[in-house]
There are 4 protein chains.
Amino acid sequence: MNSDSHILLIDTPDAVGLIAKITTALYKRNFNILSNHQFVDEQHSHFFMRTAFEGSGDTADLLADLEANLPAAANVRLAPKGKKKLVILATKEAHCLGDLLIRAGYGDLNATIEAVIANYENLGDLVKKFNIPFHYVPHEGKERLAHAMEMAEIAKKYSPDYLVLTKYMRILPPEFIALFKHRIINIHHSFLPAFIGANPYRQAYERGVKIIGATAHFVTDNLDEGPIIHQAVAPVTHRLSATDMARAGKDLEKLVLSKAISLVMDDRVFVIANKTVVFE
Amino acid sequence: MNSDSHILLIDTPDAVGLIAKITTALYKRNFNILSNHQFVDEQHSHFFMRTAFEGSGDTADLLADLEANLPAAANVRLAPKGKKKLVILATKEAHCLGDLLIRAGYGDLNATIEAVIANYENLGDLVKKFNIPFHYVPHEGKERLAHAMEMAEIAKKYSPDYLVLTKYMRILPPEFIALFKHRIINIHHSFLPAFIGANPYRQAYERGVKIIGATAHFVTDNLDEGPIIHQAVAPVTHRLSATDMARAGKDLEKLVLSKAISLVMDDRVFVIANKTVVFE
Amino acid sequence: MNSDSHILLIDTPDAVGLIAKITTALYKRNFNILSNHQFVDEQHSHFFMRTAFEGSGDTADLLADLEANLPAAANVRLAPKGKKKLVILATKEAHCLGDLLIRAGYGDLNATIEAVIANYENLGDLVKKFNIPFHYVPHEGKERLAHAMEMAEIAKKYSPDYLVLTKYMRILPPEFIALFKHRIINIHHSFLPAFIGANPYRQAYERGVKIIGATAHFVTDNLDEGPIIHQAVAPVTHRLSATDMARAGKDLEKLVLSKAISLVMDDRVFVIANKTVVFE
Amino acid sequence: MNSDSHILLIDTPDAVGLIAKITTALYKRNFNILSNHQFVDEQHSHFFMRTAFEGSGDTADLLADLEANLPAAANVRLAPKGKKKLVILATKEAHCLGDLLIRAGYGDLNATIEAVIANYENLGDLVKKFNIPFHYVPHEGKERLAHAMEMAEIAKKYSPDYLVLTKYMRILPPEFIALFKHRIINIHHSFLPAFIGANPYRQAYERGVKIIGATAHFVTDNLDEGPIIHQAVAPVTHRLSATDMARAGKDLEKLVLSKAISLVMDDRVFVIANKTVVFE
């Protein structure tokens, strides 16, 4: 995206004429629209718009114009330029973390990984290969809240735009989540809302499903019930044990998490109530 | 399948040497194996085998040999020749029923549809086009059990091998299900075990999932919890209302139900506890 | 869609300010936009827009306004109200035809089937069940052009909006195609551009592919090379013979053709050069 | 797999009684079959079998017995124990290579990466992070054959079981391929046989396909025409440029290549003529 390219993000209570007002404001300044998505959530009567545009006009003036002419409750902003900053929370599994490290290191992720925090030590070697700070914060002998807040203190030093949980296997307390509202992305290893909670592959095996899945979602106070960003599935047969399913599911987890992160990094995801609007 | 072709179906407590004993019994009679599937369910230590073979040998003698040499609890049989007989239970929706009528009528289903029983009248015209008996059995003013047994009486006259529920929208009582154990195939309009019960598309919409599904399963006493035969899914976006999802889901329902029926008709499905072994 | 709902379809050489001009014209007449899609094909510098809107304003006045203010070469129109009319060309296979008959008859297709024309007689019984005219036009002993024009004469009597080929297995001459430019929808039984021409399942078997597909496209003078509307695929294994693949492919063909028709019926498909823009 | 577990691999001209002979030979030695797959390629009248078994019997004796009793042309062997050795050929792209490095390093690949050979230098840093030898063998100013043989000399020093091409972008000469017959695994960035040769994403964009794919295959003398091991696809829309498709395709490439390698490492893939038999 060159320096004359911008992404305009608007969400607002719905009203007649919104697109006309917004695109006219752009046109008056000779901005050229490159791509444009809108959606009205009928249930909440709320309007969403993501517009990529280019031109040498005055964007501050544009924003002022829009704020003056759109509903008072409208949320109008330009997506910040440059790569967003991520801090990753991990436990022991390497596959999602490794995938993100390769992507971030070789240009496939519109983000930088600022640091990795883990409650086990084994992933340190992997992270350090990529010259990224690794913080080992064991949870043993600590209250859940104290442990989480210790991680939060470390994370905040890196001013992350988002936290990403790459199979971080402990429940985060509400106090932690409140610090990063709609800014924590988790990968759950099932096709939510099926198999919430612990050991979803074991649950899937017991139920005898013919398809397994993975779900990336924003973390809220209700375990595995936050707004879903992306999901994918793969077929399985009676031949797979719970362990086989877990192995087969790793690729799904990598794929779904990285796709969700990519959508969020590109400012394509809005949250409304407990759902997402995803402009692809 | 010509008259010298057979399908041997065996399930038995596991033991060493089962395949050797079975294939030797076939070889001794100069039967040629066309395709062969085996599986051992480790959890229940149970062995399953489906063998298609051909030859002019004596199959009664084969079965006697197998019964004498396999574990006493072994279940050994040849799949019956010819098309299986189906009786369909329907409510108001035409898509699954219509799909099966076309398939049965034009050679895409290894079964005959003997009759359709429905608790509404509107599908009668469709069924009669295909010269198939249509029984309108309204449920209004009847006890659930009495209504179900009225349908059972009609169904039994056709000596069906299986009942198929093409979006039959009422719960069947245990007394009915007991008459057709593991012989009732239902299509549920969600990716089970997500969204059990009523109005799964509404539930899917409320949860904001990015994928919808359909599940074909054998009916048991626990609603939507019987052994799963086949499942499939399709992506959805925030743009779809619950009604849109229901519309989009119809194709999934048709596809999943007809595939499940096809697998069962071809004797490719075994039930073990609450799961299926499907030999494709 | 109630009588105050409309779909505006615009394609035009690209220019700055198109969306502003169009949505302002709608807003001035107090029309409310229900959904909106735009796309600019950069290669051809061409702009496409589909806008669903509602309101009691004067649509003739709207169109006049747009034509006056958009580029002279702009193509501006409202989608006609009501169901579109289809004439189907078939050969011998029943599955796609049967699927469309059920859909059209039971509310799953935004179109009416006016007539079916076939070069074999066997599908007549099926078509007549649905009280639709069936024209048997054998090709034997006729020149290709003469045969095609005989079908064209019959088709034209029904004033079809589109022709649909449900596995019509003969090549149509350019003179026929010219009569229905970008108005003939074909289903090809492969994942185009793989396996153009005859017997694609045999070709797929010979090549040993692990996935088969189906492709719906507009018919042009180049066999199987017209603009692609929709495609889908399914996995296969070494176990499937060419005949097995053909059987497995039938469901894909039904699904892809009906989806493509549905997209075209809803005015969601634009053609640019040899490609389509599909607004879902 | 414990030391008493083995995988028996047999391919042979077909005959009656093969399974009986093989499983009886196992049973006589009290070997227990864990899983078993067979297939007869009717076209070539050739039989394939992969049997996982366990027991403390004498496997040399088993093999001698089988060789004595199966057709003279039968190919009978036990899969070698332990991880197979890979040498990778790369050019400039990091995604497939990086994915394999993470998998091999963290237990998700039943193989070791012995070395990476590349005709560009940029991937050296990545490879060295994982303490794996990196050989930079520029092709500039060299004949194709000479360059390939320079790589072959290096590869042979590592006694690789298989070579893997992680987007190695040059054509390998027949002399090179002959050294590693059916032991070179390539990932092609299209749904073969569509878009053979250079720049398949550009070809896919030009054709306007609605689905893109990736194909893993064994390399033969005919470019992109070797036996296909695995394929996968993903939907695309008119919104994607050729560059967007290439980006979207990277995940497919990783997934398909790693799945194909995994199948080959587990001795699940047989080659017959120009096709594969894959026992999953």
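Side notes on the structure shown:
- Taking θ as phi - 60° and the Karplus parameters 6.51, -1.76 and 1.60, the scalar couplings of segment C:134-140 work out to 10, 10, 8, 10, x, 9, 5 Hz in sequence order, x denoting glycine and proline.
- Equivalent-ellipsoid semi-axes of the protein assembly as shown, from the Cα gyration tensor, Å, largest first: 46, 41, 32
- 5 Å binning of all Cα-Cα separations within segment D:5-78, expressed as whole percents from 0 upward: 3, 16, 32, 26, 15, 5, 2, 0
- Ellipticity estimate at 222 nm from DSSP helix runs (n ≥ 4, -39,500 (n - 2.57)) divided over chain D, nearest 500: -10000 deg cm²/dmol
- Charge dipole (debye, nearest 20) of segment D:5-78; +1 at Cβ of Lys and Arg, -1 at Cβ of Asp and Glu: 160
- Amide N of segment D:253-280 lying under 19 Å from the label point, which is placed 7 angstrom from the Cα of D:THR112 along Cα→Cβ: D:262, D:265-267
- Charge context of D:GLU67, other residues only, Cβ under 12 angstrom, K/R +1, D/E -1: 0
- Max-minus-min Cα coordinates of chain C on each principal axis give 60, 41, 35 Å, with the largest extent listed first.
- Sequence-ordered 3J(HN,Hα) estimates for segment D:239-245 from the Karplus curve with 6.51, -1.76 and 1.60 and θ = phi - 60° stand at 6, 8, 6, 4, 5, 4, 4 Hz, glycine and proline given as x.
- Taking amide H atoms as placed 1.01 Å from N in the peptide plane, the amide H of D:ALA74 has no partner under 5 Å among residues 5 or more positions away or on other chains.
- For the listed peptides C:28-41, C:213-226, A:206-219, a ranking on the average number of other beta carbons within 10 Å per residue, highest first, reads A:206-219, C:213-226, C:28-41.
- Evaluating 6.51 cos²θ - 1.76 cosθ + 1.60 at θ = phi - 60° for every residue in segment B:33-41, the Karplus couplings come out as 7, 8, 7, 8, 10, 9, 7, 10, 7 Hz, glycine and proline recorded as x.
- Average beta carbon contacts from partner chains per residue of B:225-236, 10 Å cutoff: 3
- Average beta carbon contacts from partner chains per residue of C:32-41, 10 Å cutoff: 5
- Think of the axis that spins chain C onto B; the C residue whose C-beta lies nearest it, and the distance in whole Å, is C:LYS129, 2.
- Contact order relative to length of segment A:98-157, as percent, for alpha carbon pairs under 8 angstrom and 6 or more apart: 28
- Inter-copy separations for B:GLU121, label at 7 Å along Cα-Cβ, nm, ascending: 3.9, 7.9, 8.7
- Around the Cα centre of chain B, unit charges on the Cβ atoms of Lys, Arg, Asp and Glu (plus for the first two, minus for the last two) sum to a dipole of about 640 debye.
- Label separation (C:ASP125 vs C:GLU175): 3.6 nm, computed from points 7 Å beyond Cα along the C-beta direction.
- Amide H contacts under 5 Å for C:THR276: C:ILE228, restricted to partners 5 or more places along the chain or on a different chain, H placed in the peptide plane at 1.01 Å from N.
- Relative contact order for chain C, counting Cα pairs under 8 Å that sit 6 or more residues apart, in percent: 14
- Position B:THR243, label points 7 Å along Cα→Cβ, spacing to each other copy in nm (shortest first, one decimal): 4.2, 4.7, 5.2
- In this rough spin-label picture, where each label sits 7 Å from Cα along the Cβ direction, the D:SER241-C:ALA273 distance is 1.4 nm.
- A point 7 Å from Cα along Cα→Cβ stands in for B:ALA64, and the other copies hold the same point at 4.0, 9.6, 10.2 nm, listed in rising order.
- Axis of helix C:18-28 versus longest Cα principal axis of chain C: the two differ by about 60°, to the nearest ten degrees.
- Computed over segment A:168-280: relative contact order in percent, which uses C-alpha pairs under 8 Å that are six or more apart: 25
- Over all other residues within a Cβ to Cβ distance under 12 Å of D:ILE272, the charged ones net out to -3, with Lys and Arg as +1 and Asp and Glu as -1.
- The Cα atoms of segment B:104-162 give a gyration tensor whose axes a ≥ b ≥ c have a/c of 1.5 or more with a/b no greater than b/c, which makes the shape oblate.
- Residue-averaged beta-carbon neighbours from other chains (10 angstrom radius) around B:19-27: 6
- Net +/- balance of residues flanking A:ILE228 in space, Cβ distance below 12 Å, scoring K and R +1, D and E -1: 0
Throughout, read-outs are computed from the coordinates displayed, never taken from laboratory work. What you see is a predicted model; the values in this text were computed from it and never measured. Neighbour counts run over all protein chains shown; Cβ positions are idealised from the backbone, glycine included.
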